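Values in this text are rule-based calculations from the coordinates and carry no lab data. Everything quoted here is computed from the prediction, not taken from an experiment. Cβ coordinates were reconstructed from backbone atoms using ideal geometry, including for glycine residues, and neighbour counts include every protein chain displayed.
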C-alpha cells in the first residue's frame, strides 16, 4: 500500500511557473483524496526536455535520491508520463512512479457507484494500462513454447506472455464496450420515458468541489452525498424542483471537471455527462472563494466544448460568496462575470434569484393560460393535466375553470377555450380626478 508520496511538477516555460504551482496544489488535493500521505512536493523548471526522464538526467537522479532519502514508496508526477518514461523512473529509482492520470483514475474507481460508472472507469483504466502492461506483472517476460510437429521438429520461440496479456486486455476492452452499449440503451429508454412527460431539464456543471451537490440539495431539499473532496460525485443524480411560477424542472448534478482531465476519461464519461448535452440549459457553478476561479471557468467551458454542450444556454452561478472576505475581490468577480448570480448554497444567499432566473430560461417553453373548458371536453381537461401543470381548478355551471402552465405546442388545441385577460382600465384624466 502506498503511504508516502513525493509530488513533482515540471514546467517548461517561465510563464508557466504560477500555473504549475496551482496545479501542484491541486495534485496535492487529488493525492490526499486517496488517503496517501504527502512527504514533500517539488516544482521543477525544465529547460530541455529529456525523452527518457521528461527532465534532465542529473535533475532526475537528484529527485530519485531525495525520494529514497525521504523513504518514499511513490513518486507522483503532475505531468503525463509516457509508458517508457514511467518504466525508466521505476527501474532506476526502484520506487513506484505514477502520473496525474493514474491518480484521477484511482479516485474515479473509488467513487464509482452505478454499474455504468464502474464500467466507464474500468474501460478508461484498461485503455490507460494497455501500453503499460510490461510494468504491471513480473511474469510478462515468460514465453510459451511453440506448437510442435513430430519428434525433432524445429520449435519456434512461441508467443510471449506480454502478447497474450495484451490480447486478453483488448478482448476485455471490447467486452466492456459491449456492456456499456447495453447500459446506454437502457438509459436511453429510461430517458425517452421521462421525456414523454414534458418536464424541462437542467444540468448542474462546473469544476470539481465547486458546490454542485450542495446546490442540488439546497434547491430540492434532498440529501445527495456532499464531501469537501475532489470528485465526491461521479454518478449523475436527478431531482425535481418547482419553480416560482409553479413549473416543474428536473435538475441533474453531474461529475465535476478538473484541469488536465485525461482525454480518455472525457470519452469514457460521455454517457454520464449526456445529461449536460441533452438538458434545456446548464447551471454552471463556480467556487467564488477559489483563487483559480478563472482557470476553473475556462476548463469547464473547454470540456463542455469537447462534449458538444458549449452552445447550450448557460446560467452562471458564483457559489460560496460567504467565504469571500475582501470586498475588492467580490467587486472584481462581479465585474468579470457580469451576468452571474452570486449565491451561497449552504447559507441560502441568492437562491431565490437563481430560481427566478431558471424560470426565465423556460419562458419560451410554456404559456400561462386561464381556460374555460366545457365538461363535455374531458379529453382536453385530461390533456392539460397530463401535459401541463394545473395551478388551480374550479367549476362553473357546465364548465371547468383552470389556471395552467401548458407547453407551447398545445396552444392551438386550447386557443378557443382561453379566457381573455380583463382589459386594464384606462387612467382617469386629471379633470376627472379633480
Between the alpha-carbon centers of the range 327-379 and the range 62-80, tell me the distance in whole angstrom.
51
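With the cut-off at 1.5 for a/c, could you classify the range 1-69 from its C-alpha gyration tensor as rounded, prolate or oblate?
Judged from the Cα gyration tensor, the range 1-69 comes out oblate (a/c at least 1.5, b/c at or above a/b).
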Compute the length gained on full extension between residue 175 and residue 4: take 0.36 nm times their separation in residues and subtract their Cα-Cα distance, giving the result in nm to one decimal.
58.0 nm
So, R0 is 35 Å and r is the distance between the beta-carbons of residue 401 and residue 306; what FRET efficiency does that work out to, to 0.05?
0.10
At what distance in nm do the modelled label points of residue 90 and residue 57 sit from each other, each positioned 7 Å from its Cα along Cα→Cβ?
2.3
Under a point spin-label approximation (7 Å from Cα along Cα-to-Cβ), what is the residue 391-residue 325 distance to one decimal in nm?
4.6
Can you tell me how the range 366-417 classifies by the Cα gyration tensor, rounded, prolate or oblate, using a/c under 1.5 as the rounded cut?
prolate
State, as an integer percentage, the relative contact order of the range 4-106 based on alpha-carbon contacts under 8 Å between residues 6 or more apart.
33
With labels modelled as points extended 7 Å from the Cα through the Cβ direction, what inter-label distance (nm, one decimal) is found for residue 110 paired with residue 66?
2.4
In nm, what is the difference between 0.36 nm times the number of residues separating residue 188 and residue 418 and their Cα-Cα distance?
79.1 nm
